[in-house]
Amino acid sequence: MPPVAPSRRRRAAPPATWRLGEDAPPSGPFIALVPGADAPLITLSLPAALKGAAREDVARRQAQDRLGAGLEVRPARLAGADDWTRVAVAERAAVLRWRAALGSAAPRCRGLVPDYLALPTAPGLWSVQADRDGVTARLGVGDGFSAEHPLALRMLTLALSEARATSAAPGAVLLTGEAGAAYATLFDGVTLARAAGDLPAAMKPVVLENSEESVDFARDPRADAVGVEARLRRLMWPAVLVLLGALGWAGAQALAIRNDRALAVAVQAETLAAVRRDVLPSGPILDLQVQVTREIERRRAATAPVAAPTGPLDLLRAAAPVLAGGEVQSVSLGIDGLSAALRVPDFRALDALAGALAEVGVTARTTRSGIDPDGGVAATLSLEVAP
């Protein structure tokens, strides 16, 4: 009996990855990882009917109108989606520096991709890598970011809250990195895994198998198209090219003008509808950009986090290194606050101890002191946060 052909071909292994600027690049083909904080994903409001190049043009205009000129914009066609709404943006100057940093390894580079897209992903899985310098996160197949710890904590908290509100909470979180333990409490109630092998069997993660290479800052697709067109021009008879080019240009200009008008009307309608739905539900809209900016700033100020007051444990943590200089008998928490009973060699040492506590932000008030029968001075200090 002849062997049965496999029903599915084995996927080729993805190219090696190399974080730009670290050590030397691999000797073979590789994907260079650029800082995700400099190439974030943003969500746009794109008409569903737009496809292909027209969708890219509208996305580019929206991104540049929102963030300013001088940006490189790459559609995030993750998992091959044609109805993508996210784009990765980066300053053109930064992209030029990334390309120059490849040096002689540029011919082997298969793409400049944001580092968060190189994290393992699977349906229902979030990957969070927390290192000393910051956090890189992949929140499912179509989302991700890189940020410093304070901002990353805020973004993860908001993302988890939104996911739970829409019944899209992750089924598991792959939490790695030397600082990963600091984020474990954030995912209370969610299955945590420290390694890919600890994940549930139905949640096998993959790396760079969801069209992440399409978010590539190594090459400009529009410039590549111009290069192909130039090569075709050199191969054709000049006279015929001039004639056909003129006719084609005239037709293309007329079509582009008509499409631009239709797109402008569609984008304006979508933008106004989104603003009315999410930002300015009532009142006249006289200056869209100014009014939206003011509303966003107002909401941001209203949701700004308030610093939590210092608790007894925080106070004890600050005072503990200084109190270790004496012989601590007991520490108690009463109605009057935190107090510590200790024994020091003499009253001068007691005064020095109070001064040392003041240097770390703790006010020490002596409520009882006296000569200890066993030698030295016994005292009780009431500890408070320094004003």
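The values are calculated or read from the model by the stated rules, or taken from the named source; none is laboratory data. Predicted model, so just to flag it, every value in this text is computed and none were measured. Methodologically, a virtual Cβ is constructed for each residue, glycine included, from the backbone with ideal geometry; neighbour enumeration extends over all protein chains shown. When the accessible area is computed, the model is the full protein with side chains, heavy atoms only, and any ligands, DNA or RNA have been set aside. Shrake-Rupley method; radii C 1.70, N 1.55, O 1.52, S 1.80 Å.
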Do the sum for the chain: with -39,500 (n - 2.57) for every DSSP H run of n ≥ 4, divided by all residues, what is the mean residue ellipticity at 222 nm, to the nearest 500 deg cm²/dmol?
-> -12000 deg cm²/dmol
Quick one: with all protein chains in place, what share of the accessible area of the range 261-387 is carbon or sulfur, to the nearest percent (1.4 Å probe)?
-> 58 percent
Take each of the peptides 51-60, 23-32, average the number of other beta-carbon atoms within 10 Å over its residues, and list them starting from the highest.
-> 51-60, 23-32
With a probe of 1.4 Å, find how much accessible area the chain has per residue, and write the answer as a whole number in Å².
-> 60 Å²
Find the percent of Cα-Cα distances in the range 1-142 that exceed 22 Å, and round it to a whole number.
-> 51 percent
Taking a probe of 1.4 angstrom, what is the accessible area of Glu91 in Å², to the nearest 10?
-> 120 Å²
For Leu333 the rounded accessible area (nearest 10 Å², probe 1.4 Å, non-protein molecules ignored) is 120 Å²
Largest fluctuation, Gly325, Gly245, Gly180 only, Gaussian network model of the chain with Cα springs under 10 angstrom, belongs to Gly325
For the chain, modelled as a Gaussian network with Cα springs under 10 Å, which listed residue fluctuates most, Ala324, Ala302, Ala195?
-> Ala324
Can you give the relative contact order of the chain as a percent, counting alpha carbon pairs under 8 Å and 6+ residues apart?
-> 12 percent
Contour minus Cα-Cα distance for Arg298 and Glu148 (0.36 nm per residue) | 51.6 nm
Burial order of peptide ranges 148-159, 129-140 (average beta-carbon count within 10 Å, highest first) | 129-140, 148-159
Sequence of Val360, Val113 when ordered by accessible area, the most exposed leading, probe 1.4 angstrom | Val360, Val113
Using amide H atoms built 1.01 Å from N in the peptide plane, name the residues 5+ places from Val385, or on other chains, whose amide H lies under 5 Å from its own.
-> Thr363
With the calculation restricted to Cα positions, what are the radius of gyration and Dmax of the range 99-158 in angstrom?
-> 14.0, 42
Apply the membrane-span-like helix rule to the chain: whole DSSP H runs, Cα extent along the own long axis of at least 15 Å, mean Kyte-Doolittle hydropathy at least 1.0. List the helices found.
-> 312-323
